[in-house]
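Undergrad: This is the structure, below, for whatever I ask next.
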Amino acid sequence: MTVFLSAVSRLFDGLFYPFRSASPWIPLILFSCLAGILMLLVFRFTSNQTAIRRVKDRMQAHLLEVRLFSDQLSVVLRAYGRILRWTLTYLGYALVPLAVMTVPLALLLMQMDFRFGHQALRPRDSFLLKVLAAGDTSLENAALRLPDGLALTAPALHIVHAPENRHEVNWRLKAQRPGEFSVEVVIANQAFSKQVIVVEPGSTARLSPARVRPDWMELFLESSEPPLPADSPLHHILVVYPPRSFALGRWELHWLVPFFVFSLVAAFALKGVFRTEF
């Protein structure tokens, strides 16, 4: 799983590379439209298009029946029952393309969230580095090794979460210059590294908010780095990047909103070109 996710990340690094200094709106719109076209093609070639057209025609016929015989309750009720039956039939035909789309769409959303879900740090930004222990491991003696370009601005804050008695340590750091840095958390003579990305304003980078133990769901959702060792005393190391939003007039939007809007617009605009019924 780790090797596969790493290969996917490298592939998307290449796809996003031309847009590293562009407005984030440009790759967001482009990849949203490409996702819409991909979903359209998958639906076109994995669904029974003839049956879907037939089902939609019958649904429209029963809707017309409801409008024409609205004063005859028995006819209307039968028509609604048939509409429900054909709707369920349509959903059955849609299950196969939806199943085929699930994995590639999930991978695309994951990679886009690594790039659009958070804002990369800028020089002179302050941020938190959080470390959570695995089980009841004590982090009282945890220490931090910082590379040139990052500075510690406050003493470590130790937190014990009850009732699990899980230990957490937070360090407040400051970015001094752009770069890709490796911070090391040292505990029991073992060092565990975590990537920190600092870029100039206007640049976009793939971010990995957390480095986690080998849990496939957390790896999928939060990390594009190699996992911590399975026997690590740490559950995760987390860099608190600021959340990113996309400004549209007076609104601040999460990237998923324009993604789904542009992908749906692209799919509906091109369904005639690809002769796809959905």
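The values are calculated or read from the model by the stated rules, or taken from the named source; none is laboratory data. This is a predicted model, so every value here is computed, not measured. Neighbour counts are summed over all protein chains in view; Cβ atoms, including those assigned to glycine, are modelled from backbone coordinates with ideal geometry.
Undergrad: May I ask you to verify whether Phe127 is surrounded by 13 or more Cβ atoms within 10 Å (Cβ to Cβ), in contact with a Ser or Thr (Cβ under 9 Å, 6 or more places away or on another chain) and at pLDDT 90 or above?
TA: When the stated conditions are applied, Phe127 does not pass them.
Undergrad: Determine whether Asn141 is on the phi > 0 side of the Ramachandran plot, out of contact with any Leu (no Cβ under 7 Å at 6 or more places or on another chain) and of a type outside the set (Gly, Ala, Ser).
TA: Criteria not met by Asn141.
Undergrad: If I ask for residues that are free of Cβ contacts under 8 Å to residues at least 24 places away in the same chain and more than 38 Å from the chain's Cα centre (by Cα), which ones from segment 45-65 would you list?
TA: Listed by number, the residues that qualify are Ala61, Leu63, Leu64, Glu65.
Undergrad: Here is a follow-up. Which is free of Cβ contacts under 8 Å to residues at least 12 places away in the same chain and under 25 Å from Glu225 (Cα atoms), of Leu11, Leu68?
TA: Exactly one residue qualifies, and that residue is Leu11.
Undergrad: Do we have Val196 as of a type in the set (Val, Ile, Thr) and farther than 24 Å from Pro27 by Cβ here? I'd like the intermediate steps shown before the answer.
TA: Values: of a type in the set (Val, Ile, Thr): yes; farther than 24 Å from Pro27 by Cβ: no.
Against the criterion (of a type in the set (Val, Ile, Thr) and farther than 24 Å from Pro27 by Cβ), Val196 does not qualify.
Undergrad: Looking at segment 200-222, can you tell me whether even one residue there is modelled with pLDDT of 85 or more and of a type in the set (Phe, Trp, Tyr)?
TA: Within segment 200-222, not a single residue is modelled with pLDDT of 85 or more and of a type in the set (Phe, Trp, Tyr).
Undergrad: What do you reckon, is Leu91 more than 20 Å from Phe274 (Cβ to Cβ) and free of Cβ contacts under 8 Å to residues at least 60 places away in the same chain?
TA: Details: more than 20 Å from Phe274 (Cβ to Cβ): yes; free of Cβ contacts under 8 Å to residues at least 60 places away in the same chain: yes.
Criteria met by Leu91.
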